[in-house]
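Okay, so here's the structure we're looking at.
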Amino acid sequence: MPRIPQDDTEKLPSLPSREAVLDAMANVPGLDTKRDLVRHFGIGGSMRAPFRDLLKQLEGEGHISRKRRTLRRAATLPAVTVLDIPTDADPEALYGLPANWSEDEGPAPRVSILGGKSARVVPGPGDRILARIDAGDGSIPVYTARPMKILDKPRRGQIGIVRRDEEGARLIPVDRKQREMRIHLGDLGEARDGDLVEVEVKPSGRLMIPRAKVVSVIGNPASEGAVSMIAIHSLEIPYRFPTAALQEAEAAKEATLSGREDWRDIPLITIDPADAKDHDDAVHAEPDSDPSNPGGHIIHIAIADVAAYVRPGSALDREAYLRGNSVYFPDRVVPMLPERISNELCSLKPGVNRPALALRMVIDAEGHKKSHSFHRVLFRSAGKLAYEQAQAAIDGRPDDVTGPLLETILKPLWAAYESMKRARTRRGPLDLDLPERKIILDANGMVSDIRVPERLDAHRLIEEMMIAANVAAAETLEKHRSPLVYRVHDVPSEEKLLALREFLGSLELSFQAGDAVRPEHFNRVLAKAEAGGKSHQVSEMVLRSQAQAEYSPENYGHFGLNLDRYAHFTSPIRRYADLIVHRALISALGFGSDGLREEDESRLVGIAQHISATERRAMSAERETVDRLMAHFLAGQIGARFTGRIAGVTRAGLFVRLSDTGADGFIPASTIGEDYYRHVEEEQALVGDRTGEMFRLGDTVTVRLLEVAPLAGALRFELLSEGTRVNPSNFKRAGRSPSRTYKGRPTGRTRSGGKAPPSGRRKK
C-alpha cells in the first residue's frame, strides 16, 4: 500500500489532508461510510485509489474504526488511562496499549511512554501502569504517557478446593494470598467436596462480596494432573490454544519438495527419550571419503522446519511467542504449538516426508570442524530410537529395530562422536554433571517411583551434535551480519567468586584463577573435591556461583560451554528462540519469504527478554509441581526417618534434600537443639555459639518428617543428627555479626525422638 505523505499533500491537490478527513468525521453529521466521504470531498477519477489508501492508513493507525461498511472516528483516550506494555516492547522505546480498549473502537492506539533516569516510576516490558495521557496539540492525537503507578495485573482465573456446606460451598484458594469465596449451589456444576476446581470470579450484591462460579473440575488434588494445574494457573501459563491458532494448525498442509533439496536418500535417525511425543532433530554420520581428511567424518543434522508452518505475525506465531516455550510436567506437556504442528507435521517420524533446516558438517579425526553449510531440505527419517535402545545396540544387545541399523548407521554415528568427544575434552566446558530425578507415575497419576536415569553415551552423542549445530547457526548468521538471538551465559560475578573462594578455603581447597576465570578452573577444583570425598558440597557451591543463562541479541559468549558464540537452533518445536534463529537463517541464506522480517529485527531485545522470562516461568512451574508431588507422596509418612544432605543454609534454618526421593524440606533454626546458632556465610554453615556444633552445606544428616503441606509443596523436618564440633570462638570475630544469631528453643526432647516442636517456617 503506498504511503500517503503527511505534510506534503500539496502534491495531490484534490486529495484532502489527514487532518481534514478526521475533522470532517468528527464535526459533519452523516459521514458514516467511504461513499459519504467521497461525496463530501468531491473525490473522483484518479484520486479514488489514493483516497482509499489514505482511509486505510488512518484505520491502520487507529484513528478510524470500521464495523462492516460503517466508518467513524476512533474514541480518544481519557486524561488518565491504564496501559499494558507489551512483553516484547523495546526497553529503550517503551510503548503501551490501553488495557480496556474495545475492539469496536478499531485498533488500539499506540502510546509512547515517557521516562528517563529522573522518572519516579520506571516501568518495563510486560508491566501494567496507570498513566497521565497527553494527546498533543494537533487534530490527530499523538499520544504520550507519563507513568503514575505500576499496577498488579488481574489474574486470568483462580483455582481452589471446594468445601461443601449447608449454603453451598466455600472455595479455599490454593494461593494463600487470596481470600475465601462463596459458591452458590447453582454455580457448583459437578464439583464435589474436596475437588480442585477452576472458577471465574464475579462481585455480587451491594457489598461486592466475591462470588465464584465453577468453570471446570480439575480433579483430585492428590492426583498429578491436578497438581500440575496448580502451577499452570498460579504462574499464568497459557494452556488453551485460541481458536484462530487451532484453525491455522488444522488448515496447514504437508510440505513438498518445492524449493527444497532432496535428502530422502540420507538415512538420518532420531534418538530421543522413550516417552517423547515430538521428534525435532535427526542425525547421521559417515566416514569422509576425501583423502585429505583421513579419519574424518561428514555429519548431517536435520531440524524440523517449523518456520514453514508458523509464519511471522500469524495467530500461531503470536501464541507461540506468548508461551515462549513448552512446559514439561511428569504427566503432561503444555506445548508451545498445537499437536497438529508439534506431534504431526513437524515431528520427524520414520518413513514419512518431513521438511527440515539441515546442517552438513565436516570434521577431522580429532573433532575439529573443517566446514559446514545449511540447507532447506525434505527428508525421511530411517528410524526412531530411544536413548537406551541405541546404547544397548552399541553395547552388543541390538533388537529387531536396531539390528538392521547397527553397522550402517549407529556405528558410524558413534565413530563421529568419538572424534567430537576429543574436541570437547580440549574445549573444556564446565563439567558439572548433576543427576536429575525422574518421577514415575502409576495408572492413577500418583507417584509410584523416583529414579535417577543413567547418563549414557547416547545422551552425550546427541548433546554434542546439537551443540555443534547451535554453534554453526550462530557462526553462519554472524558471517552474514544477520541479527539473531544468542544463548548467552555470563562469567560468574566477583561477589559469587569471593563467596566460593571463602567456602573452598574452609574445606582446605584452593580456587586459583587469574583475571580471566575459565571453566577449567572450576573443573580442577571439582576433581580435587571428588578425590577428597567433598564432591556434594563443592558441586552445590560451584552451581550457585554460576550466572543464569538467558537469551540476548547481544553476544557475550557461553561461559559454561566455553564457547564464544552460541544460539539455540535445534528445538524449534518447543522454543521460540530456535524459531527466531530458523527465520534468521532463512532470510540470510535466501531460503524463502518466510524468514525474519525487518520489524522483527527491531524487536529482538524485547523478544529476548520475554522468552528468558517464560523459560524461568517454566522452570518454576516444573520445580513447584515436583515439590507438590513429593509432598503428596510423603504425606502418609509423618514421623518416618530419612537420610539426606543439607542443600542450603540460611539464617532461618537448613534446607535438606532427601537421598532416596530428592524431596526438599526445611528445618527451622529455632528447632535445632538448645544453643544459639550463628549463620556463618563464608562456611555455608550454622554454628552453635556455646557447643560449637556445626551443620554445613553438603553434610549428610538424618531427619524425621514432622509436617507436610501438599498443596504448598512444603515439608518440615526435625533434625536427628549431631553436627561436627568446632571451636565456637573462631566464629565470633569481627565481621561475623551477632545479628546473624538464632536461639534454639528448648523442646523437652532429644534428637532420638520425642514430641514435635511448634510449627516452623515452611519452604517457599
### Summary
The helix 519-531 Cα axis meets the longest alpha-carbon principal axis of the chain at an angle in degrees, between 0 and 90 and rounded to 10, of 30
### Partner aspartates and glutamates for Lys213 [C-alpha distance under 18 Å; skip if fewer than 8 residues away on the same chain]
Asp165, Glu166, Glu167, Asp175, Glu180, Asp187, Glu190, Asp193, Asp195, Glu198, Glu200
#### Entry: Estimated dipole of the stretch 287-407 in Debye, rounded to 20 [Cβ of Lys and Arg +1, of Asp and Glu -1, Cα centre]
600
### Mean separation of Cα contacts under 8 Å, 6 or more apart, over the residue count of the stretch 435-523: relative contact order %
12
### Filter on Lys277/Lys438; Lys369/Lys421; Lys277/Lys421; Lys56/Lys253; Lys496/Lys528; Lys370/Lys421 - keep pairs with C-alpha separation over 23 Å
Lys277/Lys421; Lys56/Lys253
### Query
Can you tell which of Leu114, Thr256, Ala416 lies farthest toward the positive end of the dipole of the chain, using +1 and -1 charges on the Cβ of basic and acidic side chains (Lys, Arg; Asp, Glu)?
Leu114
### Task
Evaluate E = 1/(1 + (r/R0)^6) for Lys496 and Ala531, where r is the Cβ-Cβ distance and R0 equals 22 Å; express this FRET efficiency to the nearest 0.05.
0.35
### Query
Once both axes come from the Cα atoms, what is the angle between helix 535-545 and the longest principal axis of the chain, in degrees from 0 to 90, rounded to 10?
30
### Query
So what's the back-of-envelope 222 nm ellipticity for the chain, counting only DSSP H runs of four-plus at -39500 (n - 2.57) apiece and dividing by all residues, rounded to 500?
-8000 deg cm²/dmol
### Query
What number, in percent, do you get for the relative contact order of the stretch 312-351 if the mean sequence gap of Cα pairs under 8 Å and at least 6 apart is divided by its residue count?
27
### Task
Using every Cα-Cα pair within the stretch 542-668, state what percent have a distance larger than 16 Å.
75
#### Entry: Cα-based Rg / Dmax (Å) for the stretch 196-322
24.1, 87
### Query
Quick one: accessible area per residue over the chain, 1.4 Å probe, rounded to a whole number of Å²?
48
### Message
Output the 0 to 90 degree angle, nearest 10, between the alpha-carbon long axis of helix 224-234 and the longest principal axis computed from the alpha carbons of the chain.
### Response
60
## Note on the structure
Once the dipole of the chain is set up from charges on Cβ (+1 Lys and Arg, -1 Asp and Glu), the residue from the list Ala356, Ile672, Ala618 lying farthest towards its positive end is Ile672
### Message
Quick check on the chain: of the DSSP beta bridges with both residues there, what percent are antiparallel, nearest 5%?
### Response
90
### Query
Shape of the stretch 423-515 from its Cα gyration tensor (a ≥ b ≥ c, root eigenvalues): rounded if a/c is under 1.5, otherwise prolate when a/b > b/c, or oblate?
oblate
### Query
Would you list Ile611, Ile172 from the most to the least accessible area, probe 1.4 Å?
Ile172, Ile611
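Leaving ligands, DNA and RNA out of it, report the carbon-plus-sulfur percent of the accessible area of the chain at a 1.4 Å probe. Show your work: numbers first, answer last.
Numbers: 17630 of 36840 Å².
Of the solvent-accessible surface of the chain, carbon and sulfur hold 48 percent.
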## Note on the structure
Measure of exposure for Ile667: accessible area at 1.4 Å probe, Å² rounded to 10, is 0
### Message
Calculate the FRET efficiency for Arg264 and Ser510 from the Cβ-Cβ distance with a Förster distance of 60 Å, rounded to the nearest 0.05.
### Response
0.60
## Note on the structure
Quick note, the stretch 488-548: a/c under 1.5 would make it rounded; otherwise a/b > b/c is prolate and the rest oblate (a ≥ b ≥ c, C-alpha gyration tensor); here it is prolate
### Message
Given contacts defined as C-alpha pairs under 8 Å and at least six residues apart, what's the relative contact order of the chain, whole-number percent?
### Response
9
#### Entry: Dipole magnitude of the stretch 593-694, debye to nearest 20 (Cβ charges: Lys/Arg +1, Asp/Glu -1, about Cα centre)
420
### Query
Taking the structure as given and computing mean projected area of the Cα convex hull in nm², which label from [x] 33.1; [y] 43.2; [z] 30.5 fits?
[y]
### Query
What list of ³J(HN,Hα) couplings, whole Hz, do you get for the stretch 554-564 from phi and the Karplus terms 6.51, -1.76, 1.60, once you set θ to phi - 60° and write x for glycine and proline?
9, 8, 10, x, 10, 5, x, 8, 6, 10, 6
### Query
How would Arg518, Arg146, Arg481 line up by accessible area, probe 1.4 Å, largest first?
Arg481, Arg146, Arg518
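The values are calculated or read from the model by the stated rules, or taken from the named source; none is laboratory data. Note that the structure is a prediction, hence the values are computed from the model and not measured. Using ideal geometry, Cβ is built from the backbone for each residue, glycine included, and neighbour counts are taken over all protein chains shown. Calculation scope for accessible area: heavy atoms of the full protein, side chains included, ligands and nucleic acids excluded. Shrake-Rupley method; radii C 1.70, N 1.55, O 1.52, S 1.80 Å.
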